[in-house]
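Read-outs throughout are calculated quantities, based only on the coordinates presented, and are distinct from any laboratory measurement. Bear in mind that the values here come from a model prediction, so they are computed numbers and not experimental data. Cβ: placed from backbone, ideal geometry, glycine included. Neighbour counts: every protein chain shown.
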Amino acid sequence: MSKVIVTGGCGYIGSHTCIALLSQGYEVVVFDDLSNASKESIDRIEKITEKRPELYRVDLKDKNAAIAAFETHKDAMAVIHFAAYKAVKESVEQPLQYYENNLFSLINTLIALQKFGINNFIFSSSATVYGIPKTCPVTEKSPVSTAFSPYGNTKKIAEEILEDCTHSNAEFSIISLRYFNPIGAHKSGKIGELPNGIPNNLMPYITQTAAGIREQLMVFGNDYPTKDGTAIRDYIHVMDLAEAHVVAVDRLIHQKQENNFEIYNLGTGIGYSVLEVIKAFETQNNLALNYKITDRRKGDVPVVFASTELASQTLGWSAKRDLNSMVKSAWNWEKNYRNENS
Ligand code: UDP
């Protein structure tokens with residue numbers, strides 16, 4: 001059985017990826033410092049897959065601890081690196097924490113991988129590296145632009161570090177996956193997104209408003225040059241995203257890659273406005289959401305959606321689940337979680 005190390009495997013995308021890996025027969029080891037996620041994720045993964053990934057609690061910012069952790073699992077075939085802070089606004093307020101956490105963790109991980117000859121690496125990148133795209137759909141050849149936030153900059157710098165590493169070490173194979181907007185939850189309703197505190201992202205804000213935890217959803221701006229004036233994003237079901245990681249692992253392990261540094265967009269290729277997402281949520285879940293239009297949020301991009309051609313043609317992966325499935329699964333999880341904890 002091929003072993004895969006998933007850093008940040010207790011988090012939202014990481015935990016769904018563990019499920020996808022386990023259901024494809026991979027052995028999974030989770031490295032997590034539990035700073036922004038709970039070890040309960042491991043129980044949830046086990047409930048769904050009937051397999052329990054080993055959890056190794058480690059702060060990858062600490063170089064010696066990182067090396068010790070990877071040494072224990074140096075027989076791993078690949079590493080998927082999710083471990084990072086991800087709140088855009090917080091990164092503007094605390095840039096050094098973001099650079100320290102996201103970049104030191106990455107560098108220490110890479111040092112450990114080189115030391116133990118683990119040569120297959122998958123990185124969690126983001127569509128944020130494109131900034132405000134001049135045209136949509138955004139292809140992987142679209143220019144990477146100046147980051148809007150320290151968070152976005154850590155993704156941009158990380159990709160540069162990774163590319164440099166593949167130049168210096170021909171054995172090293174890296175796939176960087178640029179996520180558009182992951183939402184939704186596993187169909188079991190036993191795991192999903194669980195942000196700390198007040199959510200920054202649209203979908204958890206919607207589900208928490210529907211659950212009565214937040215009073216009202218603010219729609220940030222209705223004066224964008226779009227069909228209904230609200231901003232457009234490419235929302236992708238988190239399980240589609242998770243499955244793309246399994247395809248990427250498979251590509252690296254079986255040495256199918258054409259270059260030792262490959263980049264893929266992960267989106268559906270379809271853009272939905274904020275109001276369309278709200279409407280789908282209301283219709284699919286048969287409820288009315290309390291929302292109000294307010295001013296634009298600083299730094300928001302008006303329209304962004306992915307070109308999915310490269311992922312579909314080269315990786316052989318494309319998203320299967322639609323917006324209805326995303327909004328239904330997101331609500332199913334939120335309801336179950338609140339019931340469990342009431
Ligand atoms: N959004 C909103 N209200 C919220 C959160 C988000 O109207 O409470 C909008 C936001 O302006 C953007 C879209 O929803 O147009 C997606 O925002 P999110 O923060 O989820 O992702 P990102 O901005 O990173 O694409």
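See the values below:
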{"item": "Whole-angstrom gap from region 264-285 to region 1-78, using each part's C-alpha centre", "result": "30 Å"}
{"item": "Proxy reagent accessibility, fewest Cβ within 10 Å first, across H73, H254", "result": "H254, H73"}
{"item": "Candidates K187, K63, K298: whichever shows maximal mean-square fluctuation once the chain is modelled as a Gaussian network with Cα springs under 10 Å", "result": "K298"}
{"item": "Residue exposure sequence - M203, M1 - by fewest surrounding Cβ within 10 Å", "result": "M1, M203"}
{"item": "Kyte-Doolittle at least 1.0, axis length at least 18 Å by Cα - qualifying DSSP helices, the chain", "result": "238-253"}
{"item": "Trypsin sites (Lys or Arg not before Pro) within region 137-168, DSSP loop, no more than 12 other Cβ atoms inside 10 Å", "result": "K141"}
{"item": "Long-range Cα-Cα pairs in region 62-145 (distance over 19 Å), rounded percent", "result": "52 percent"}
{"item": "Distance cut-off 26 Å, percentage of C-alpha pairs in region 77-195 lying past it", "result": "27 percent"}
{"item": "Inverse mean reciprocal Cα-Cα distance (Kirkwood Rh) of region 1-121, Å", "result": "14.4 Å"}
{"item": "Highest-MSF residue in the chain out of V304, V88, V129 [GNM, Cα springs under 10 Å]", "result": "V88"}
{"item": "Least to most buried among V247, V238 (fewest other Cβ within 10 Å first)", "result": "V247, V238"}
{"item": "Chymotrypsin sites (Phe, Trp or Tyr not before Pro) lying in DSSP loop within region 13-73, provided at most 11 other Cβ fall within 10 Å", "result": "none"}
{"item": "Region 11-79: radius of gyration over Cα atoms, expressed as a fraction of 2.2 N^0.38 Å", "result": "1.10"}
{"item": "Region 38-91: GluC sites (Glu not before Pro) falling in loop per DSSP and having at most 13 other Cβ within 10 Å", "result": "E50"}
{"item": "Rounded, prolate or oblate (a/c below 1.5 giving rounded, otherwise prolate when a/b exceeds b/c) for the chain by Cα gyration tensor", "result": "prolate"}
{"item": "Gaussian network model of the chain, Cα within-10 Å springs - most flexible of F82, F121, F104", "result": "F104"}
{"item": "Ellipticity estimate at 222 nm from DSSP helix runs (n ≥ 4, -39,500 (n - 2.57)) divided over the chain, nearest 500", "result": "-11500 deg cm²/dmol"}
{"item": "For region 267-273, 3J(HN,Hα) per residue [Karplus equation, 6.51 cos²θ - 1.76 cosθ + 1.60, θ = phi - 60°, Hz, x = Gly/Pro]", "result": "x, 9, x, 10, x, 10, 7"}
